[in-house]
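The values are calculated or read from the model by the stated rules, or taken from the named source; none is laboratory data. It should be emphasised that the depicted structure is a prediction, and the values quoted were computed from it without experimental measurement. So basically every Cβ, Gly included, is an ideal-geometry build from the backbone, and we count neighbours across all protein chains shown.
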Amino acid sequence: MLKGKDIITIKDLSKREIFEIFETAKEMIPIAKGKSIDLLKGKILATLFFEPSTRTRFSFETAMHRLGGEVISFADPKTTSISKGETLADTIRIVDSYSDVIVIRHSYEGAAKLASKFADHPVINAGDGAGQHPTQTLLDLFTIWSNLGKIENLNVGLLGDLKYGRTVHSLALALADFGANLYMISPKGLEMPDHINREVGEKIKVKKTEDLLSVIGELDVLYVTRIQKERFPDINEYLKIAGSYRIDLSTLEKAKKDLIILHPLPRIDEISPDVDYTPHAKYFEQAFNGVPVRMAILSMVMGVR
Ligand code: NCD
């Protein structure tokens, strides 16, 4: 059903398609752990990362390799013809003619959408500025679903930079569709953008607060994000807010026993390393899940699943 489809925002996928991705991802776990297969033999993935990445890029590339496919990529966008003044549109046209699927990360909101207009093959948005990051949302939802068995009616807290954080933009939209109860917990000035609030608010009840401790005991999932330093127009505004929240063992004293803590990573100082050794910490499992979930996505958009 996903064959040939672009994934630009999480809204490009129905709930049914998301569950199909989960089922396929579950089957992919042993392959992600090393039992490589030939499902995508002869296929080529192009990864175009114009912004830094560790997990997203490596997990897409690992997914492709483990499924027997090949990857073309650049180490640094400065080494491509973009630095000679080539337009993104032309770069995409060319790369599209060399590959079967394109994964793109760019600092401009709307870059992936634009790329999809110039490519015949599927384009997957791996983050466009402060816009969306739909495949991160799929692995976030998969991690919640595989740990807690459901998404509906869970109390999910989104903590941190809800203004510039693209992961929470996509995730909030998806959680609203799945009928979770949302807690938006952010420092003043970093609240969720109005257009997302509006869309989410039409579907579910949302509680907004600056104070994590006042709601920690109610949460089933706490999704922590870093402050997106690189997106602040004025560094002084960042410095005013930097370090304004941090999860440590004392923050978790009133937490439910089964609370799971997620983070798209990288973390800076939002989660104390002590928390890593508690059963709440699921962020490393979440990062691993990037591989089976992206295996599912790649094989489904290329029509072999
Ligand atoms: C996120 C991103 O790039 O938006 N990282 C990721 O893909 N795992 C989150 C972030 O950079 O804070």
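With respect to A63, is the statement that it is farther than 30 Å from E199 by Cα and touching a helix residue (DSSP H, G or I) at 6+ places or on another chain (Cβ under 8 Å) true? Against the criterion (farther than 30 Å from E199 by Cα and touching a helix residue (DSSP H, G or I) at 6+ places or on another chain (Cβ under 8 Å)), A63 qualifies.
Within segment 236-249, identify whether any single residue is within 16 Å of V215 (Cβ to Cβ) and of a type in the set (S, T, Y), and answer yes or no. Yes; the residues of segment 236-249 include at least one that is within 16 Å of V215 (Cβ to Cβ) and of a type in the set (S, T, Y). Surrounded by 13 or more Cβ atoms within 10 Å (Cβ to Cβ), more than 16 Å from the ligand (Cβ to nearest atom) and under 22 Å from the mean Cα position of the chain (by Cα), is that true of K5? The answer is yes for K5. Going by the conditions given, is K150 basic (K, R) and closer than 23 Å to I185 by Cα? Judged against the criteria, K150 is a match. Just a yes or no: is a residue in segment 126-138 within 21 Å of A296 (Cα to Cα), modelled with pLDDT of 95 or more, within 16 Å of the ligand (Cβ to nearest atom) and more than 16 Å from the chain's Cα centre (by Cα)? No, segment 126-138 contains no residue that is within 21 Å of A296 (Cα to Cα), modelled with pLDDT of 95 or more, within 16 Å of the ligand (Cβ to nearest atom) and more than 16 Å from the chain's Cα centre (by Cα). On the stretch given as segment 260-305, residues that are in a helix (DSSP H, G or I) and either free of Cβ contacts under 8 Å to residues at least 12 places away in the same chain or within 16 Å of the ligand (Cβ to nearest atom) (or both) total 16.
Among residues of segment 72-90 that are assigned to a helix (DSSP H, G or I), those with a Cβ under 6 angstrom from a residue that is of a type outside the set (V, I, T), sequence gap 6+ or separate chain, pair up as P77/F50; A89/F118.
Residues considered: V123, V168, V103. Of these, the only one that is buried (at least 24 other Cβ atoms within 10 Å of the Cβ), more than 16 Å from the ligand (Cβ to nearest atom) and on the phi < 0 side of the Ramachandran plot is V123. If I go through segment 211-255 residue by residue, how many of them are among the polar types (S, T, N, Q) and part of a helix (DSSP H, G or I)? Here the count works out to 2.
Per-residue answers, yes or no, for (1) within 30 Å of K26 (Cα to Cα); (2) touching a Cys at 6+ places or on another chain (Cβ under 8 Å); (3) of a type in the set (A, V, I, L, M, F, W, C):
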| site | (1), (2), (3) |
| --- | --- |
| E210 | no, no, no |
| V224 | yes, no, yes |
| F232 | no, no, yes |
| L259 | yes, no, yes |
| V275 | yes, no, yes |
| E285 | yes, no, no |
